[in-house]
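Throughout, read-outs are computed from the coordinates displayed, never taken from laboratory work. Worth saying up front: this structure is predicted, and the values here are computed from it rather than measured. Here Cβ is always computed from backbone atoms with ideal geometry, including for glycine, and neighbour counts include all displayed protein chains.
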Amino acid sequence: MQSFALATLALDGRDQAAVVVDDRYYRLDRLFRDVPAAGLRELMGNWHELIEQISPLVPSLVDERSGHEALVPEPNIVAPLRYPNKLICVQRGSDEILDAS
């Protein structure tokens with residue numbers, strides 16, 4: 001099985017989820033019609049379905065050497081999961097955990 005990664009790109013001022021194959025970034029919303037134009041965080045609720053969609057497609061992206069419509073030629077890579085739902089702080093030397101959710 002060919003390996004791949006998931007990433008979040010900044011495109012037109014918005015987060016956009018992408019799959020990374022052989023150092024090439026492909027927008028998920030252009031690969032799959034049912035995937036919204038959103039960052040990875042928004043797509044994590046359907047994680048299992050997303051992976052089942054991506055995995056069979058990866059070999060064709062490996063063989064793709066021309067300009068695929070979903071290819072992002074100059075990606076602006078940002079943190080994959082921005083804006084977490086929960087912030088947890090652990091203070092060293094303390095048993096106390098501060099939960100700021």
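A few points about this structure:
- Environment charge at Leu28 (Cβ cut-off 14 Å; Lys +1, Arg +1, Asp -1, Glu -1): -1
- Here the gap between Val62 and Arg14, fully extended at 0.36 nm per residue and compared with their Cα-Cα distance, gives a gain of 14.6 nm.
- Neighbour counting of Cβ atoms within 10 Å sorts the residues His68, His48, fewest neighbours leading, into His48, His68.
- Relative contact order of region 5-79, pairs being alpha-carbon contacts under 8 Å that are 6 or more residues apart, as %: 39
- Footprinting exposure proxy for Asp22, Asp12 (fewest neighbouring C-beta atoms within 10 Å first): Asp12, Asp22
- With 0.36 nm allotted per residue and the present C-alpha distance subtracted, the Ala38-Glu52 stretch has 3.2 nm of extension available.
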